[in-house]
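The values are calculated or read from the model by the stated rules, or taken from the named source; none is laboratory data. Here the structure is a predicted model, which is why all the values come from computation and not from measurement. Methodologically, a virtual Cβ is constructed for each residue, glycine included, from the backbone with ideal geometry; neighbour enumeration extends over all protein chains shown.
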Amino acid sequence: MSFQAMAWAVGLKLPTREKFVLLMLANYASNDKGDCYPSLSRLAEDTGMVNNTVISAIQKLESLGVLTVERRQMGGVNLPNIYRLNLAWGGSAPDALPVHLVRGGSAPNAHEPINEPITKKKEVVRWDAGLERLEVPDEVAFVLAHTYGDRVDVKREIDKANTWLKMNPARRPKRDFGRFLNGWISRAAERCVDDRRTPTKTDRREAFMEGLFGPAGGSRVVDVDATIVG
């Protein structure tokens, strides 16, 4: 997941349907260029919408210039589209006609683009120094839960990350708290996968011996009459 793409998508003012689909696309963006290629069925499952609704939302986003779609085929078989998110797009009135900025008069030939000043990128996830905790928008929390919720308790991991940041001010990052939080939860999810590995024969033997005699170095009274060793 590209947090640059996610931050951009969260900050846009779009109708609910289009914004939800865009957030799901941003969730799959593999780099800071905003490229992603989830299948239509995957997007439908992620959003809880039917395929035709997802298609309509994508077509609307495409018509607005929010993204471009590369439709692919191989041997007459449709392949997943490649979606390229236009991270420079900052419109906020999707139902209005595009407005051209002009200098001077109103003659049609007088249209000339005005160079807007480059502003610092606004971070979606940020550190609130007063409350000493992360501010995580609901949209970002939703995407994190959708991505990692089958492996970890995302809310609990956010609380743990808050505690670590509060207790380690010298090691606290100065920016990119979204990247920090995603890395924190991603590592927690990876540890959870390791813990769920299939027990080996040695693991089962040690568990059996611990059940008989207690943990290594300890002792335990065992009812031998009730213990059957096959």
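At-a-glance table
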read-out	value
Pairs with Cβ under 8 Å, 6+ apart, first in segment 135-149 and farther than 14 Å from Cys192 by Cβ, second assigned to a strand (DSSP E or B) and at pLDDT below 80	none
Segment 161-179 - residue that is assigned to a helix (DSSP H, G or I) and touching a residue at least 24 places away in the same chain (Cβ under 8 Å) and, of those, surrounded by the most Cβ atoms within 10 Å (Cβ to Cβ)	Gly178
Among the candidates Val21, Val69, residue that is closer than 20 Å to Gln4 by Cα and either part of a strand (DSSP E or B) or over 22 Å from the mean Cα position of the chain (by Cα) (or both)	Val69
Any chance Ala7 is hydrophobic (A, V, I, L, M, F, W, C), touching an Asp or Glu at 6+ places or on another chain (Cβ under 8 Å), not assigned by TED's automatic domain parsing to the domain that holds Gly149 and not in a loop (DSSP other than H, G, I, E, B)	yes
